[in-house]
Amino acid sequence: MTEPLLEVNHLKKYFPIQGGIMQRTVGHVRAVDDITFTLNKGEALGLVGESGCGKSTTGRTILRLLEKTEGTVKFKGTDLHELSRKELRAMRPKMQLVFQDPYSSLNPRINVGTAIGEALVDHGLVSKHEIRDRVKEILSICGLAPYHIDRYPHEFSGGQRQRIGIARALIMNPEFIVADEPVSALDVSIQAQIINLLSDLQEQKNLTYLFISHDLSVVEHLCNRIGVMYLGSMVEMAPREELFARPLHPYTKALLSAIPVPDPTRKSERIVLQGDIPSPANPPSGCKFHTRCPFAKEICKQQVPKYEEMASNHFVACHFAGEF
Ligand code: SF4
């Protein structure tokens, strides 16, 4: 059996809450609360959930842009959180992040050629006279023209800027990309183009993705496996077809019911969740979803449901998984 590219084990990321005159730690925001999964080479895993559920923090803690609180993150067998700064820097080109808003991640005073090529220069991966050729090649791969190399961020549309963001990640020749809401700031028609680009690149370069989105319909086309997060915890994870055909967790069912059905003869029953997502600083007891779950029973308030494999590769955390 081949070793997974990424192994995340019992990962936790808590942020301290300071209070009082002494600014002591009076509590913690449990942004990521005991998450475990593996990712094989060439796989695309979608991570979905409402805003504030901890999916972006999960992505950033995996890449060690944030320090973990507990748990391990192994990339090709190496624990990223045990590496020295120098070792981590040497590993960085293999793991890249694509941001939600490429405009804010691009310096308006730096042209695209420099923005895309600067990391290559920093890491000394190519000689100076090779950089322009490499950048032009990556621009073409990402559906932009080689002459765009001398233009500035404000001269591009939102979709083109996201292509620049992808080119910046891709030029490092990564194996693993965390794409954090890469299309949510774009118009629907442009979203499809970027998803298609990511899908083509995955095939050409055998890339592995962790694709973060609040929208299940966005991950549906790109990801072969989907994980659903609620309040810092993974509540369900399954291969795409299985998750869409047989969701076992009430929260996943509610998210799926919000996707519009294009066929007017098919009626879909929308499950509307009551109330807001609770604070991760003070999560509900037992099943964290019980305050909004239409099927909650007494046991749900008292006991944390186990995250268990209910069918092949289909994991869920619910006392009554699949019973409704
Ligand atoms: Fe709902 Fe209970 Fe299942 Fe939680 S454990 S999702 S509250 S039925």
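Given the conditions (1) away from the ligand (no atom under 16 Å from the Cβ); (2) touching a Cys at 6+ places or on another chain (Cβ under 7 Å); (3) not in a helix (DSSP H, G or I), and given that M229 satisfies all but one, which numbered condition is not satisfied?
If we test M229 against (1) away from the ligand (no atom under 16 Å from the Cβ); (2) touching a Cys at 6+ places or on another chain (Cβ under 7 Å); (3) not in a helix (DSSP H, G or I), just (1) comes out false.
Scan the stretch 212-226 for residues that are of a type in the set (D, E) and part of a helix (DSSP H, G or I) and report the count.
1
Is there a residue in the stretch 131-145 that is among the aliphatic types (A, V, I, L, M) and not in a helix (DSSP H, G or I)?
Within the stretch 131-145, one or more residues are among the aliphatic types (A, V, I, L, M) and not in a helix (DSSP H, G or I).
Please find, among A296, A311, the residue that is in contact with a Leu (Cβ under 9 Å, 6 or more places away or on another chain) and hydrophobic (A, V, I, L, M, F, W, C).
Exactly one residue qualifies, and that residue is A311.
Within the stretch 1-18, work out how many residues are in a strand (DSSP E or B) and open to solvent by less than 20 Å² (accessible area, probe 1.4 Å).
Adding up the residues that qualify gives 3.
Being part of a helix (DSSP H, G or I) and open to solvent by less than 40 Å² (accessible area, probe 1.4 Å) is true for just one of G27, G46, G117, G71. Which residue is that? Lay out the reasoning, then the answer.
Working: G27 fails: part of a helix (DSSP H, G or I); G46 fails: part of a helix (DSSP H, G or I); G71 fails: part of a helix (DSSP H, G or I).
Of G27, G46, G117, G71, the one residue that is part of a helix (DSSP H, G or I) and open to solvent by less than 40 Å² (accessible area, probe 1.4 Å) is G117.
Just wondering, is there one or more residues in the stretch 57-67 that are open to solvent by 40 Å² or more (accessible area, probe 1.4 Å), assigned to a helix (DSSP H, G or I) and within 18 Å of Q96 (Cβ to Cβ)?
The answer is yes; a qualifying residue exists.
From the set of residues in the stretch 269-298 that are without any contact (Cβ under 8 Å) to a residue 12 or more places away in the chain and within 11 Å of the ligand (Cβ to nearest atom), which is most open to solvent (accessible area, probe 1.4 Å)?
E298
Which numbered condition in (1) among the charged types (D, E, K, R); (2) under 23 Å from F244 (Cβ atoms); (3) at pLDDT 95 or above is the only one that D263 fails?
Failed condition: (3).
Spot the failing condition for L243; the list is (1) within 14 Å of the ligand (Cβ to nearest atom); (2) aliphatic (A, V, I, L, M); (3) touching a residue at least 12 places away in the same chain (Cβ under 8 Å), and only one is missed.
(1)
Out of all the residues in the stretch 26-74, which are acidic (D, E) and touching a residue at least 60 places away in the same chain (Cβ under 8 Å)?
Scanning the stretch 26-74 gives D33, D34, E43, E50, E70.
Any chance the stretch 257-268 includes a residue that's within 16 Å of the ligand (Cβ to nearest atom) and either on the phi < 0 side of the Ramachandran plot or in contact with a helix residue (DSSP H, G or I) (Cβ under 8 Å, 6 or more places away or on another chain) (or both)?
Within the stretch 257-268, one or more residues are within 16 Å of the ligand (Cβ to nearest atom) and either on the phi < 0 side of the Ramachandran plot or in contact with a helix residue (DSSP H, G or I) (Cβ under 8 Å, 6 or more places away or on another chain) (or both).
Residue by residue, here is whether (1) in contact with an Asp or Glu (Cβ under 9 Å, 6 or more places away or on another chain); (2) open to solvent by 10 Å² or more (accessible area, probe 1.4 Å) holds:
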| position | (1), (2) |
| --- | --- |
| Y147 | no, yes |
| D180 | no, yes |
| Q193 | no, yes |
| S199 | no, yes |
| L216 | no, no |
| Y230 | yes, no |
| R246 | no, yes |
| K253 | no, yes |
| I259 | yes, yes |
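What are the residues in the stretch 299-324 that are in contact (Cβ under 8 Å) with a residue 60 or more places away in the chain and more than 8 Å from the ligand (Cβ to nearest atom), if any?
Within the stretch 299-324, Y307, M310, A311, N313, H314, F315, V316, G322 qualify.
With the condition kept exactly as written, say whether any residue in the stretch 309-323 is surrounded by fewer than 19 Cβ atoms within 10 Å (Cβ to Cβ), charged (D, E, K, R) and within 30 Å of L6 (Cα to Cα). Show your work before the answer.
At the first step, the residues of the stretch 309-323 found to be surrounded by fewer than 19 Cβ atoms within 10 Å (Cβ to Cβ) are 309-313, 319-320, 322-323.
Keeping just the survivors that are charged (D, E, K, R) gives 309, 323.
Within this subset, residues satisfying the condition of being within 30 Å of L6 (Cα to Cα) are 309.
Scanning the stretch 309-323 turns up at least one residue that is surrounded by fewer than 19 Cβ atoms within 10 Å (Cβ to Cβ), charged (D, E, K, R) and within 30 Å of L6 (Cα to Cα).
The values are calculated or read from the model by the stated rules, or taken from the named source; none is laboratory data. None of the values given here were measured: they were computed from a predicted structure. FYI the Cβ positions are ideal-geometry reconstructions off the backbone, even for glycines, and counts take in every protein chain you see. SASA here: full protein model, heavy atoms, side chains in, ligands and nucleic acids out. Shrake-Rupley method; radii C 1.70, N 1.55, O 1.52, S 1.80 Å.
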